[in-house]
Amino acid sequence: MIWENGYFLKTLKEISHILNGENYDWELDIDSKTRNTRSNYIKDAIIAKFSKVPNFQKLLNEAYNKDLRNAITHTQYNLIQGGIVLTNLKGDNHQPFYGIAFEQWEEIYSKAWFLLPYIFSGLKGIMELFYVPLTKETISGGISILIPNGKRKWAEIYAYYFEKGNRWIFHK
């Protein structure tokens, strides 16, 4: 399940930073931030931050179900004819469902799974359409980037794109 993948969650969180005009968090450690509260972190610190792009936020909400993520992650479910019963839910905590039909699960799972290539192909497209041409317009051929350099200090480095090998090199 992609909602347990730290790299995927970090990528979404960093995109939300940039979308909201915040700095890229070079030291973001998703696993330490979400050790005991992953479901809340995904909802409040990631999905909620995409309000500027409501269609994408809606897709994230449709692709994420905290009860299903938690049950599958902790192997707290039973497969029955026609669906999945989530055994981690109790009757007195007002959860949205105790079980899910295979068709519902397939819809949620498919949306979640296709988010991964969609996001990375989008990022690749941004790089190819914006950043690579930008490197050709600068005198040095590099793009200025600020990275953390100690407490509350920033250092400027340059990112250079090399078409041979399709890779970026960073240099002060």
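The values are calculated or read from the model by the stated rules, or taken from the named source; none is laboratory data. This is a predicted model, so every value here is computed, not measured. As a convention, Cβ positions derive from the backbone with ideal geometry for all residues, glycine included, and neighbour counts pool all protein chains shown. Heavy atoms of the whole protein, side chains included, go into the accessibility calculation; ligands, DNA and RNA do not. Shrake-Rupley method; radii C 1.70, N 1.55, O 1.52, S 1.80 Å.
Name the one entry in I145, I169, I119 that is under 26 Å from the mean Cα position of the chain (by Cα) and open to solvent by less than 40 Å² (accessible area, probe 1.4 Å). None of the others qualify; the one that does is I119.
Selection of segment 102-132 for residues being among the polar types (S, T, N, Q) and more than 16 Å from F56 (Cβ to Cβ) yields Q104, S110. Residues in segment 9-31: is at least one in contact with a helix residue (DSSP H, G or I) (Cβ under 6 Å, 6 or more places away or on another chain), open to solvent by 70 Å² or more (accessible area, probe 1.4 Å) and either in contact (Cβ under 8 Å) with a residue 24 or more places away in the chain or in a helix (DSSP H, G or I) (or both)? Looking through segment 9-31, at least one residue is in contact with a helix residue (DSSP H, G or I) (Cβ under 6 Å, 6 or more places away or on another chain), open to solvent by 70 Å² or more (accessible area, probe 1.4 Å) and either in contact (Cβ under 8 Å) with a residue 24 or more places away in the chain or in a helix (DSSP H, G or I) (or both).
Counting the residues of segment 82-121 that are among the charged types (D, E, K, R) and either modelled with pLDDT under 80 or part of a loop (DSSP other than H, G, I, E, B) (or both) gives 2.
When segment 36-59 is examined, which residues are found to be of a type in the set (A, V, I, L, M, F, W, C) and touching a residue at least 12 places away in the same chain (Cβ under 8 Å)? Correct list: I42, A45, I46, I47, F50, V53, L59. Suppose we keep only residues that are modelled with pLDDT of 90 or more and polar (S, T, N, Q) within segment 43-81. Which one would you say is least open to solvent (accessible area, probe 1.4 Å)? Checking each candidate, the answer is Q57.
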